[in-house]
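The next block holds one structure in the form of structure tokens; read it before the comments.
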Amino acid sequence: MKTVYGVFFVVIFIHHAHPQSTQTAVKDIGGTIEMNCSVFNASRFPVAWLKFEKEDPTKTVVLSIGNNLIVRDSRFSLGVFIGTESSSRTFKITNIHNNDVALYRCVVMCDDVDGDTNTSADVQLEVNRSPVILKLSSSSTIMIAREGLPSRLECYADGFPEPRVSWSRQYNGILTTGGQFYRGNVLHFRNVTKDDRGIYLCDAVNSVGEGVRHIVDFRVEFAPVITASKIMYTHSDPLKQDMDVQCLVEAYPAPKIDWLYNGVILIGDNNKRFRIMEKTTEHQLTFSSLNFNEIDYDRYGKYTCKARNTIGTAEVTVIETPCQKPKCDTKRIRPEHIPNFYGLPFE
């Protein structure tokens, strides 16, 4: 890091009223700054340098009083010049750190002058800093919202120059704002839908160093959804001694799935005449398959896949009949091929 050196002058006239102004000094980490405070017509009053912390401006640190350096830090030094009509106090910081970012005030310590008289002057020290995400003011890594209600994702960053914050979505998905990117700290959802769930990316960048990213897993609570024409299949093959009925459910929280035969809930069979297989993915999809193993088992009739969670219930019924070629539907869902909610193959 290149060392940057500079001198900033603040001038105080004790007998003349002037509006207080603040100078801004911008330095790199490891740089050096000299803040020179010249005071006129105030030889009988002590001059002090104060530091007001950026994170808590009410917290004040006295750096020097008169000719004495109060804070013991090898990076700090105080230069003093005493003249006939004026004096100056130069406060110097070397090897600047992030925690040196603050408001520095040169003040004449007097209490018997006109209140309108300017008795202090300020220097705001800023340090070029790459962005960092402010954890306490940003959305947690997992956010849960309810379908049909409003919600929001927040992301704030610190750095200098002030970082530019933008939102995007995994796989270049469309945001609730209608585009692939949104510039701002808060991403609003006026009416959350299940299609809003997914991974959201907050990126903060400025002209210093590399940007930083905050990832939010936005989960939406919604009642089970079953699309019979796409996700429910039956299979019967006279050449095989098995048959299955399959069901794929979208829901969050994960649903409980029951299989019913002609309105009666099926319970695991000790004789293994049938078995129920189930798998839930990280994409809020639950796959369930009802499999029969005995060809002479009276299995034809109405099969219902019923899914429920804390939000609601959904069910689909399919009538299983003997296979009549060439109309047999041999299409099956394999657990390893369950799609995610982006329409991409499940991995």
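The values are calculated or read from the model by the stated rules, or taken from the named source; none is laboratory data. As the structure is a computational prediction, the values presented were derived from the model and not from experiment. Cβ sites come from the backbone with ideal geometry, for glycine too, and all protein chains shown count toward neighbours. The accessibility values were calculated without ligands, DNA or RNA, using every heavy atom of the protein model including side chains. Shrake-Rupley method; radii C 1.70, N 1.55, O 1.52, S 1.80 Å.
Might you let me know whether the stretch 212-227 holds any residue that is modelled with pLDDT under 95, of a type outside the set (A, V, I, L, M, F, W, C) and in contact with a Leu (Cβ under 7 Å, 6 or more places away or on another chain)?
no
For the stretch 184-211, what are the residues that are of a type in the set (S, T, N, Q), open to solvent by 80 Å² or more (accessible area, probe 1.4 Å) and modelled with pLDDT of 95 or more?
The initial filter retains those residues of the stretch 184-211 that are of a type in the set (S, T, N, Q), namely 185, 191, 193, 206-207.
With the extra rule that they be open to solvent by 80 Å² or more (accessible area, probe 1.4 Å), the set shrinks to 191, 207.
191, the sole residue that qualifies.
Checking residue 333 against (1) closer than 12 Å to residue 246 by Cα; (2) in a loop (DSSP other than H, G, I, E, B); (3) among the aliphatic types (A, V, I, L, M); (4) at pLDDT 85 or above, only one condition comes out false. Which one?
Here residue 333 clears every test but (4).
So residue 45 ticks every box in (1) open to solvent by less than 50 Å² (accessible area, probe 1.4 Å); (2) touching a Phe, Trp or Tyr at 6+ places or on another chain (Cβ under 6 Å); (3) modelled with pLDDT under 90 but one. Which box is left unticked?
Going through the list (1) open to solvent by less than 50 Å² (accessible area, probe 1.4 Å); (2) touching a Phe, Trp or Tyr at 6+ places or on another chain (Cβ under 6 Å); (3) modelled with pLDDT under 90, residue 45 breaks only (2).
Given (1) of a type in the set (Phe, Trp, Tyr); (2) at pLDDT 65 or above; (3) not in a strand (DSSP E or B), identify the lone condition not met by residue 303.
Every condition holds for residue 303 apart from (3).
Report, by residue number, each residue of the stretch 173-183 that is in contact with a Phe, Trp or Tyr (Cβ under 9 Å, 6 or more places away or on another chain) and either open to solvent by less than 20 Å² (accessible area, probe 1.4 Å) or of a type in the set (A, V, I, L, M, F, W, C) (or both).
Of everything in the stretch 173-183, those that are in contact with a Phe, Trp or Tyr (Cβ under 9 Å, 6 or more places away or on another chain) and either open to solvent by less than 20 Å² (accessible area, probe 1.4 Å) or of a type in the set (A, V, I, L, M, F, W, C) (or both) turn out to be 173, 175, 181.
If residue 111 satisfies every condition in (1) open to solvent by 30 Å² or more (accessible area, probe 1.4 Å); (2) modelled with pLDDT of 90 or more but one, which is the exception?
Looking at each condition in turn, residue 111 falls short on (2).
Conditions first: (1) modelled with pLDDT of 95 or more; (2) open to solvent by 10 Å² or more (accessible area, probe 1.4 Å); (3) within 21 Å of residue 27 (Cβ to Cβ). Residue 93 passes all but one, so which condition is the exception?
(2)
On the basis of being under 30 Å from residue 147 (Cα atoms) and at pLDDT 85 or above, does residue 257 make the cut?
On the way: under 30 Å from residue 147 (Cα atoms): yes; at pLDDT 85 or above: yes.
In short, yes.
Taking only the stretch 122-161 into account, find how many residues are at pLDDT 95 or above, of a type in the set (D, E, K, R) and open to solvent by 70 Å² or more (accessible area, probe 1.4 Å).
3
Need the failing condition index for residue 119 against (1) crowded, with 17+ Cβ neighbours inside 10 Å; (2) touching a Phe, Trp or Tyr at 6+ places or on another chain (Cβ under 8 Å); (3) of a type in the set (S, T, N, Q), just the number.
Status for residue 119: all satisfied but (2).
For the structure I just gave you, tell me whether residue 58 is closer than 30 Å to residue 159 by Cα and open to solvent by 70 Å² or more (accessible area, probe 1.4 Å).
Against the criterion (closer than 30 Å to residue 159 by Cα and open to solvent by 70 Å² or more (accessible area, probe 1.4 Å)), residue 58 qualifies.
If you go through the stretch 140-153, how many residues are in contact with a Lys or Arg (Cβ under 8 Å, 6 or more places away or on another chain) and not aliphatic (A, V, I, L, M)? First the steps, then the outcome.
Filtering the stretch 140-153 for residues in contact with a Lys or Arg (Cβ under 8 Å, 6 or more places away or on another chain) gives 142-145, 147, 150.
Keeping just the survivors that are not aliphatic (A, V, I, L, M) gives 147, 150.
Total meeting the criteria: 2.
Which members of the stretch 7-42 meet the condition of being closer than 22 Å to residue 78 by Cβ, at pLDDT below 60 and surrounded by fewer than 13 Cβ atoms within 10 Å (Cβ to Cβ)?
7
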